[in-house]
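Quick note: the coordinates plus some simple rules give every number you see, no bench work behind them. Quick caveat: nothing in here was measured; it's all calculated off a predicted structure.
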Amino acid sequence: MKCATTSLCDILGSHPQIFVTQPKEPDFFCDDGVFARGWEWYESLYEGAIGKVAIGEGSTDTKALLHPNSAERIARYLPDAKLIYIVRHPLKCIESHWPHLVAAGLDVPPFTEALKKWPHMIDTSLYWKQISRYRGFYPDKNLLVLLFEDLVKNPHAVLEKVYRFLDVTPELASADPARASHVSATFRLDTPLLRFLRRLPGMRAAKNLAQHH
């Protein structure tokens, strides 16, 4: 979440050898209500993928990381899947979560109270813990971890890495890799809001907690 997955999926979806579902985030494996629709429903999202080399989706809901059965479900139905995980500085991820909840229209308490009320604001930044769950089902060669900061600074190199990971031809890409650079405007690495959040009581404790995990 807040790591430019939408931008990445848009660019990948424009590659002639890649198909990305619409909607980008079906949440099939991490939402029990959606999962109840059944595998045939999920397969129907890929009706336009005939002839493509790589097909996939871009679910980013926190439930995908926190749902106890998501990794097992993915491995059961897609044992040969390749998984791309984009992460950013854990403190900045925690900081961005609060305004994200506010923008969603939720009744959000002040930042430090929100951390106590919704511990998943911190849990989603425990990257090694999350990755380790999937390493229990997939070999490392099927996992690609990207840094949000790298995508902002050098989108061309990151996208070429993704294309090769997916076994598609980088030279056939029609999208300008620089398009990914707009994520820096949407999710700036340092903003007045983030600087304000850092001054809030309890922010230092949150930073230390993230670093220790």
**Fill in**
Placing one equal point scatterer on each C-alpha of segment 1-57 and summing with Debye, one gets log10 I(q)/I(0) at q = 0.13 Å⁻¹ equal to -0.35
**Asked** Once the piece of chain linking VAL34 and LYS153 is laid out straight, how much longer is it, given 0.36 nm per residue of separation minus the C-alpha distance between them?
**Response** 39.2 nm
**Request:** Using θ = phi - 60° and the Karplus relation 6.51 cos²θ - 1.76 cosθ + 1.60, list the HN-Hα couplings for segment 12-24 in order, rounded to whole Hz, with x at every Gly or Pro.
**Result:** 5, x, 7, 6, x, 9, 10, 10, 10, 5, 10, x, 5
**Asked** How long is segment 67-121 along each principal axis, judged by its Cα atoms, biggest number first, in Å?
**Response** 43, 22, 19
**5 angstrom amide H check on ILE55, placed H, neighbours 5+ away** = PHE19
**Prompt:** Using alpha carbon centroids, what distance separates segment 120-139 and segment 1-80, in Å?
**Reply:** 18
**Request:** Have a look at segment 15-115 and give its Rg and Dmax from the Cα atoms, expressed in angstrom.
**Result:** 16.3, 50
